[in-house]
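The values are calculated or read from the model by the stated rules, or taken from the named source; none is laboratory data. Just so it is clear, the model here is predicted, and its values are computed rather than measured. Cβ sites come from the backbone with ideal geometry, for glycine too, and all protein chains shown count toward neighbours. Each accessible area value is taken on the protein alone, full model and side chains, heavy atoms only, with ligands, DNA and RNA left out. Shrake-Rupley method; radii C 1.70, N 1.55, O 1.52, S 1.80 Å.
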Amino acid sequence: MFRRLAPVVVAAVLFAQLPGTAGAAAEARPDLGMAPLTDLKVATTASGQRQLRFSATIVNVGHGPFEIVASRAAADAPFRVVQQVPRADGTRTDVPVRAGLVYGGDGHDHWHVRDLESYQIIGLDHGGTAGVAAKGGFCFYDTLVYRRSMPGTPKSKVYPETGCGKRDSLTVTMGLSVGWADRYAWTLPDQFIDITNLPDGRYRLLATADAQGLFLESNRANNATWVDLDVTGAKVRVIGRGPSA
């Protein structure tokens, strides 16, 4: 009897030691999601490009902060990115992630996590992806309180913008506290989708947090939100909204 059970017991022990498996019960994981999309408008640049601009807000509605630490040995070396997940005993689990960093020198002047958020516009009349956002990297930090009633929500910012570092930084720490949000206003560089050649019609603007599933979190079912639009020339009208975190 014991010999039959022994392999199962050993397997269970090994499984419990793997990051993100049975040990997750003791982890205070973050839960990324998107707040409702706002400030939707069509803008035309001096060069004639027609842009669908909007404000987007990524939020953390989990049990613990969403924090990454990126480090490198020299200013010309690539970053190694680790997500730090707090545990109930006060320690943290370091989870290596495949996320890359890119330097935003377009007025942001700090490091961004590539593809932390993704935006695309989908045709409702004919289907298919009609466009994707110009912005591909995001530095996240506590911008505003999203849900103060959540247990563990700090009263003031824990993660500042300065954590995003400078060009020569060897260590970069970004985070989003429980109950807090990071908002990207429609006025920021690259916060748009090029719709120059988009015909008038009905479209869905879809925003997704961590669409590639790079980071550890407690729930991936609430990572996306959407808004349905009627686009006519230089006008955009909201005709429907999807769920948000």
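Accessible area per residue for the chain in Å², computed with a 1.4 Å probe and the full protein assembly in place, what is it?
For the chain, the per-residue accessible area is 50 Å².
Per residue of segment 124-135, in order, report the coupling 6.51 cos²θ - 1.76 cosθ + 1.60 (Karplus, θ = phi - 60°) as ³J(HN,Hα) in whole Hz, putting x for Gly and Pro.
After applying 6.51 cos²θ - 1.76 cosθ + 1.60, I find 8, 7, 10, x, x, 6, 9, x, 10, 6, 6, 6 Hz.
Give the aspartates and glutamates whose C-alpha is closer than 16 Å to that of residue 155, dropping any in the same chain fewer than 8 places away, or say none.
142, 182
Using a Förster distance of 25 Å, how high is the FRET efficiency between residue 124 and residue 144, based on the Cβ-Cβ distance and rounded to 0.05?
With R0 = 25 Å, the Cβ-Cβ based efficiency is 0.20.
Kindly sort 122, 195 by accessible area of their heavy atoms, largest first, with the probe set to 1.4 Å.
On the way: 122 45, 195 5 Å².
Sorted by accessible area, descending: 122, 195.
Give me the accessible area of residue 92, 1.4 Å probe, in Å² rounded to the nearest 10.
The accessible area comes out at roughly 110 Å².
Most fluctuating residue of 222, 197, 60 in a GNM of the chain with Cα springs under 10 Å: which is it?
Of the options given, 197 has the highest mean-square fluctuation.
Cα-Cα pairs above 17 Å in segment 71-196: how many percent? Walk me through the intermediate numbers first.
Values: 5226 of 7875 pairs.
Summing the P(r) tail past 17 Å for segment 71-196 gives 66 percent.
Taking only C-alpha pairs under 8 Å that are 6+ residues apart, what is the relative contact order of the chain in percent? Walk me through the intermediate numbers first.
Details: 606 pairs, mean separation 61.8, N = 245.
RCO, the chain: 25 percent.
What relative contact order, as a whole-number percentage, does segment 78-137 give when Cα pairs under 8 Å and 6 or more residues apart are counted?
Working: 79 pairs, mean separation 13.5, N = 60.
Relative contact order for segment 78-137 comes out at 22 percent.
Over the heavy atoms of residue 218, what accessible area does a 1.4 Å probe trace out, to the nearest 10 Å²?
My reading of the accessible area for residue 218 is about 70 Å².
Students sometimes get this wrong: rank 155, 166 by accessible area, probe 1.4 Å, all chains present, largest first.
Values: 155 185, 166 120 Å².
Listed by decreasing accessible area, they come as 155, 166.
With each label point set 7 Å from Cα along the Cα-Cβ vector, what nm distance links residue 200 and residue 168?
5.6
Once phi is turned into θ = phi - 60°, what whole-Hz ³J(HN,Hα) does the Karplus curve with 6.51, -1.76 and 1.60 give for every residue of segment 177-192, x standing for Gly and Pro?
5, 4, x, 9, 9, 10, 9, 10, 6, 4, 7, 6, x, 6, 8, 7
Would you mind checking the tilt of helix 2-17 against the longest principal axis of the Cα atoms of the chain, expressed as 0 to 90 degrees and rounded to 10?
Between helix and principal axis, roughly 40 degrees.
Which of the residue pairs 135/166; 157/235; 135/157 have a Cα-Cα distance greater than 31 Å in the structure shown?
Long pairs (Cα-Cα over 31 Å): 157/235.
How high is the FRET efficiency from residue 43 to residue 109, r the C-beta distance, R0 25 Å, rounded to 0.05? All intermediate terms of the calculation are to be shown ahead of the outcome.
Details: r = 24 Å, r/R0 = 0.94.
That pair, residue 43 with residue 109, gives E of 0.60.
Given a cut-off of under 8 Å on Cα pairs at least six residues apart, what relative contact order in percent is computed for segment 118-245?
26
Under 18 Å Cα to Cα from residue 41, which aspartates and glutamates show up? Leave out anything in the same chain fewer than 8 places away.
List returned: 190, 194, 200, 228, 230.
Taking all protein chains as present, what is the carbon and sulfur share of the accessible area of segment 113-245, in % to the nearest whole number, probe 1.4 Å?
After summing per-atom areas, the C and S share lands at 51 percent.
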